[in-house]
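Engineer: Here it is, the structure in full.
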Amino acid sequence: MRGRNLAAIVAFLSFAVAAPADAGAQSAACAASELRVGDCFAVHGRLTSCTSVPNVRIWIVGTKRVLGVADAKGDVAGDEVLTGTLEREMFALPPCMKAAWGDYTVCPLTARRPGVMQKVCLAAAAKVVVKKW
């Protein structure tokens, strides 16, 4: 049991340490996106990657609101939707098998409208804990 816990801690720390380094280019691309319609903002939520469109979504904890994640060009199927470390972690298993709980900085690519999923670009992720879902 102790070896398993140690492996989990090492995996978490390697993910937590690597995430900020990968986020630099993504953050700059999101902030500079021509599609951005407002200021970037922080949310605490559950990020999932499933087979729907958009396949990466963030549910904001304590609300009924879900954000659809796209790259800085607004492409929900783009190569740079997530930061490198978070992408590797989320897509290591088949779709809908993991959830990443954490604090996310997102930049809006569409205006917020009641009852409509808002498209955002993921600029940064912090305090992320990935769990099987």
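The values are calculated or read from the model by the stated rules, or taken from the named source; none is laboratory data. Remember, it's a predicted structure, so these values are computed and weren't measured experimentally. Here the Cβ is made from the backbone with ideal geometry for all residues, glycine too, and neighbour counts use every protein chain on show.
Engineer: Select from segment 14-35 the residues that are buried (at least 19 other Cβ atoms within 10 Å of the Cβ) and either modelled with pLDDT of 90 or more or in a loop (DSSP other than H, G, I, E, B) (or both) and write down the one among them that is farthest from the chain's Cα centre (by Cα). So that I can check it myself, show each step before the final result.
Structural biologist: Initial filter on segment 14-35 (buried (at least 19 other Cβ atoms within 10 Å of the Cβ)): 19, 23, 26-27, 30, 33.
Subsequent filtering for residues that are either modelled with pLDDT of 90 or more or in a loop (DSSP other than H, G, I, E, B) (or both) retains 30, 33.
Details: CYS30: 13, SER33: 17 Å.
Within segment 14-35, the match that is farthest from the chain's Cα centre (by Cα) is SER33.
Engineer: Okay, moving on. What are the residues in segment 68-85 that are more than 13 Å from ILE58 (Cα to Cα) and surrounded by 18 or more Cβ atoms within 10 Å (Cβ to Cβ), if any?
Structural biologist: The answer is ASP71, ALA72, GLU80, THR83, THR85.
Engineer: Please identify the pairs in which a residue from segment 62-79 that is within 15 Å of ARG36 (Cα to Cα) has its Cβ atom under 7 Å from the Cβ atom of a residue that is in a loop (DSSP other than H, G, I, E, B) and of a type in the set (Val, Ile, Thr), counting only partners at least 6 apart or on another chain.
Structural biologist: Close Cβ pairs satisfying both conditions: GLY68/VAL76; VAL69/VAL81; ALA70/VAL76; ALA70/VAL81; ASP71/VAL81; VAL76/VAL53.
Engineer: Oh, and also: What's the number of the condition PRO95 fails, among (1) touching a residue at least 12 places away in the same chain (Cβ under 8 Å); (2) closer than 20 Å to GLN26 by Cβ?
Structural biologist: The single condition PRO95 does not satisfy is (2).
Engineer: Which ones in segment 92-119 are closer than 14 Å to GLY45 by Cα and touching a Ser or Thr at 6+ places or on another chain (Cβ under 9 Å)?
Structural biologist: Filtering segment 92-119 down to residues closer than 14 Å to GLY45 by Cα leaves 98-106.
Scanning segment 92-119 gives LYS98, ALA99, ALA100, THR105.
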